[in-house]
Amino acid sequence: MRSRVRVKICCISSAEEARLAVAAGADALGFVAAMPSGPGIVSDEVIRTVVPSVPPAVSTFLLTSFSRAPDIAAHVAACATSTVQIVDHIDPAEHVAMAALMPAIRRVQVIHVQGIEALDMIPVYEAHVDAFLLDSGKPGGTMRELGGTGRTHDWDVSAEFVRRSGRPVFLAGGLNPDNAAEAIQRVKPFGLDLCSGLRTDGHLDPAKLAAFMRAVREAS
């Protein structure tokens, strides 16, 4: 019997959105701090105001674009989340340093799936992280995208990543109520993560949220 697929609702911007997501059955909430691009960015002040309202059983993820361990640790301490999501490919040595600086904080490494080479990142990070998250960003170039693109990537690569990884793997990028079941069937991830697919005019849409959670339950 396959374990239940977890759901992380990202781009939480208020206590009301957090309440809606938790009531719908979300396992984790994502808070997007300063980024070079993408939707759902909120201030650190908003994050540290909303986090205390989240029940203990629901994980809180800080999405940070910092790449050095001291900066990441300070950011997490300022926002008081239980998990940090590293949205760029960083030096694995920084994960080693983070483990020493904040041993109680779980670390999730984002891998931007631009091709089959994403699989090469498994041995680079696997020993140092608690989970992976596969997204559709483009971290290189002049216009860096570190998530929130609303695009799907090659799910065949993601499925192979899940098969090879010894860590839990979240799938992100272009998910919505209409493709949630296909994503689960094809990729078999530990969890699904999404932002724009549940929003209308920039706000978390209760109807889309309910439809997505229903699709996940039925496909799990």
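No value in this document is a laboratory result; all are computed from the given coordinates. Values in this document were obtained by computation on a predicted structure and should not be read as measured data. Quick reminder, even Gly has a Cβ in these numbers, built from the backbone with ideal geometry, and neighbours come from all protein chains shown.
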What's the local net charge at HIS75, with K and R +1, D and E -1, over the other residues with C-beta under 14 Å away? -2
Structure-based [θ]222 nm, the chain - -39500 (n - 2.57) summed over DSSP H runs of at least 4, per residue, nearest 500: -10000 deg cm²/dmol
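Full-extension gain between GLU45 and ALA80, please, as 0.36 nm times their residue separation minus the C-alpha to C-alpha distance.
Working: separation 35, 0.36 × 35 = 12.60 nm, distance 1.07 nm.
Going from the current span to full extension adds 11.5 nm.
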What residue among ALA97, ALA80, ALA23 has the largest mean-square fluctuation in a Gaussian network model of the chain, using Cα springs under 10 Å? ALA23
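Given a cut-off of under 8 Å on Cα pairs at least six residues apart, what relative contact order in percent is computed for the stretch 52-110?
On the way: 76 pairs, mean separation 21.8, N = 59.
Value for the stretch 52-110: 37 percent.
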Among [x] 19.4, 65; [y] 20.9, 76; [z] 15.9, 45, which is the computed Rg and Dmax of the Cα atoms in Å? [z]
Would you tally the net charge around MET213, using a Cβ to Cβ cut-off of less than 13 Å, leaving MET213 out, and scoring K and R as +1, D and E as -1? +3
Extension gain (nm, one decimal) between ARG151 and LYS188, 0.36 nm per residue minus Cα-Cα: 11.5 nm
Do any trypsin sites (Lys or Arg not before Pro) in the stretch 1-100 lie in a DSSP loop with no more than 10 other beta carbon atoms within 10 Å, and if so, which? ARG2
For LEU198, the net charge from surrounding residues (Cβ-Cβ under 15 Å; K, R +1; D, E -1) works out to -2
Using 1/(1 + (r/R0)^6) with R0 = 22 angstrom and r between the beta carbons of ILE116 and ARG4, what's the FRET efficiency to the nearest 0.05? 0.15
Would you list the membrane-span-like helices of the chain, meaning whole DSSP H runs whose alpha-carbon atoms span at least 30 Å along their axis and whose mean Kyte-Doolittle value is at least -0.5? none
If I measure Cβ to Cβ between cysteines in the chain, which ones have no partner under 4.7 Å? CYS79
Added length on full extension, which subtracts the Cα-Cα distance from 0.36 nm per residue, ALA181 to GLU16: 56.7 nm
Simple SL model, points at 7 angstrom along Cα→Cβ for SER67 and ASP130; separation in nm is 2.5
